[in-house]
Amino acid sequence: MTGFLASFSKPFQLAVLLWPFVSVLLTVPAAVYLYHRDNRLRPASVLGAYAFMLYVLGLGCFTLYPWPQDPAAYCATHHLGAQLNPLQFIVDIRTDGMTAILQLGMNIVLFVPMGFFLTRFFRLPSWVAIAVCCATSICIEVAQLTGVFHLYPCAYRICDVDDVITNTLGGAIGIVLGLWCNRAFPAPLIDKAEVTVHPGFLRRCVSLAVDMGIIYMCQMLSIVLWSYLGHGAVAPDGHAFLVLLSVWFVVFEGIVPWCAQGRTIGCFLTRMTVESGQRTMPQRLAFYVARTALLYTLTIGVYTWRSPWTFILGLATVVWWIACKQMPYDAIGEDRSRMGGTGWGHQSS
């Protein structure tokens, strides 16, 4: 039994080692999901998000790692295939005894958290959650059969239908636990039409990060199209690159929110608006000019102008927020006594 448990030590160590890096990469997507689901960040939800990341990493490492070190020698002496007999586990128990029982139990336990997370954290219907658990298990077994989709030259683990059955059973147990938690500790309901009018600094940063990702994707597509049309390559440090990037920035941070009541794509995903109050047309124009100029300076200007003044401006913006709990451009013609339409919220993180 000690040897059986020791076989999981290296995969667990790898999962823990990768966890901080993956968490950093997925922080913005996780925050977007939580803002869209709950309209705020709750400590329990944040912990759940990072716990789910660790679980997925562990699941991948436990089922696909480690690889045999000498691929040529291993593949020459091992020819593993698929085990498609659903009753093979009976023979395995008779042959291997406790080791086979532990293997079956571990296959069940491994998917209990998945069923729980899908039901409790992602709030999926039970039938969808069980389908996801089953599909995930099948995907893992196919990866084992194909050497992680031919990244390894041959199969290095057995593709076993019993694993799919026991994994799905574990997922079903997790779903039952998740349903029980949902009844015992129901999630707070939110108004799906609610929009946060005075978003916190973190929500603004998450929204801007989403917008910047979209802006850069549009920028790359524009460069590819530009080259495809025969206009030559666009150098990353060239004038054309900066012009295209600036145009997309103005479109997504100026024109889109102007036409959508202060909501960029990132704002839609995080349930917020940048317009914190009613303004006259000249005030609204000044607001968007100031906002676009400030955000442009703090994002694109930081690495294109390479001036210390951009960092000073960023520091001043943070100080302004700490003192006034709003961005500098929010002070332009703001009337907090008259808020937007029905369902629009208040200050939130």
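The values are calculated or read from the model by the stated rules, or taken from the named source; none is laboratory data. Remember, it's a predicted structure, so these values are computed and weren't measured experimentally. All Cβ positions, glycine included, derive from the backbone under ideal geometry; neighbour counts span all protein chains shown.
Within the range 128-140, is even one residue of a type in the set (S, T, N, Q), closer than 30 Å to P71 by Cβ and not assigned by TED's automatic domain parsing to the domain that holds Y35?
yes
Among the residues of the range 17-45, write down those that are without any contact (Cβ under 8 Å) to a residue 60 or more places away in the chain, under 27 Å from D191 (Cβ atoms) and under 9 Å from the mean Cα position of the chain (by Cα).
If the condition is that a residue be without any contact (Cβ under 8 Å) to a residue 60 or more places away in the chain, under 27 Å from D191 (Cβ atoms) and under 9 Å from the mean Cα position of the chain (by Cα), then T27, P29, A30, Y33 are the ones that fit.
T119 - would you say it is of a type in the set (S, T, N, Q) and buried (at least 20 other Cβ atoms within 10 Å of the Cβ)?
yes
Quickly run through the range 65-90 and pick out the residues that are closer than 24 Å to S9 by Cα, outside any loop (DSSP other than H, G, I, E, B) and hydroxyl-bearing (S, T, Y).
Y74
For the structure I just gave you, tell me whether G254 is surrounded by 15 or more Cβ atoms within 10 Å (Cβ to Cβ), in contact with a Ser or Thr (Cβ under 6 Å, 6 or more places away or on another chain) and at positive phi.
Considered against the rule, which asks whether it is surrounded by 15 or more Cβ atoms within 10 Å (Cβ to Cβ), in contact with a Ser or Thr (Cβ under 6 Å, 6 or more places away or on another chain) and at positive phi, G254 comes out as no.
For residues that are small (G, A, S) and touching a residue at least 40 places away in the same chain (Cβ under 8 Å), tally how many sit in the range 109-152.
Of the residues in that region, 4 qualify.
Of all residues in the range 195-213, which are in a helix (DSSP H, G or I), touching a Ser or Thr at 6+ places or on another chain (Cβ under 8 Å) and of a type outside the set (A, V, I, L, M)?
Answer for the range 195-213, where residues must be in a helix (DSSP H, G or I), touching a Ser or Thr at 6+ places or on another chain (Cβ under 8 Å) and of a type outside the set (A, V, I, L, M): R203, S207, D211.
Residue check, G174 against (1) outside the structural domain of A131 (by TED's automatic domain parsing); (2) in contact (Cβ under 8 Å) with a residue 24 or more places away in the chain; (3) of a type in the set (G, A, S), all met but one. Which one?
For G174, the failing item is (1).
List the pairs whose first member sits in the range 82-98 and is closer than 17 Å to L145 by Cα, whose second member is among the charged types (D, E, K, R) and surrounded by 10 or more Cβ atoms within 10 Å (Cβ to Cβ), and whose Cβ atoms are under 6 Å apart, counting only residues at least 6 apart or on separate chains?
Once the first residue is closer than 17 Å to L145 by Cα and sits in the range 82-98, its partners that are among the charged types (D, E, K, R) and surrounded by 10 or more Cβ atoms within 10 Å (Cβ to Cβ) give Q83/D160.
So which residues in the range 258-276 are out of contact with any helix residue (DSSP H, G or I) (no Cβ under 7 Å at 6 or more places or on another chain) and either of a type outside the set (G, A, S) or surrounded by fewer than 18 Cβ atoms within 10 Å (Cβ to Cβ) (or both)? Please lay out each step first, then the result.
Residues of the range 258-276 that are out of contact with any helix residue (DSSP H, G or I) (no Cβ under 7 Å at 6 or more places or on another chain), as a first pass: 259-262, 268, 275.
Within the range 258-276, C259, A260, Q261, F268, E275 qualify.
Here's the yes/no breakdown for (1) at pLDDT 95 or above; (2) part of a loop (DSSP other than H, G, I, E, B); (3) crowded, with 16+ Cβ neighbours inside 10 Å:
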| position | (1), (2), (3) |
| --- | --- |
| W127 | yes, no, no |
| C134 | yes, no, yes |
| R157 | no, yes, yes |
| N167 | yes, no, yes |
| G178 | yes, no, yes |
| R183 | yes, no, no |
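Can you tell me which residue among G3, G48, G60 is at pLDDT 90 or above and more than 14 Å from the chain's Cα centre (by Cα)?
G60
Filter the range 221-242 for residues that are surrounded by 12 or more Cβ atoms within 10 Å (Cβ to Cβ) and either of a type in the set (F, W, Y) or in contact with a strand residue (DSSP E or B) (Cβ under 8 Å, 6 or more places away or on another chain) (or both) and give the result.
Hits for the range 221-242 are W226, F241.
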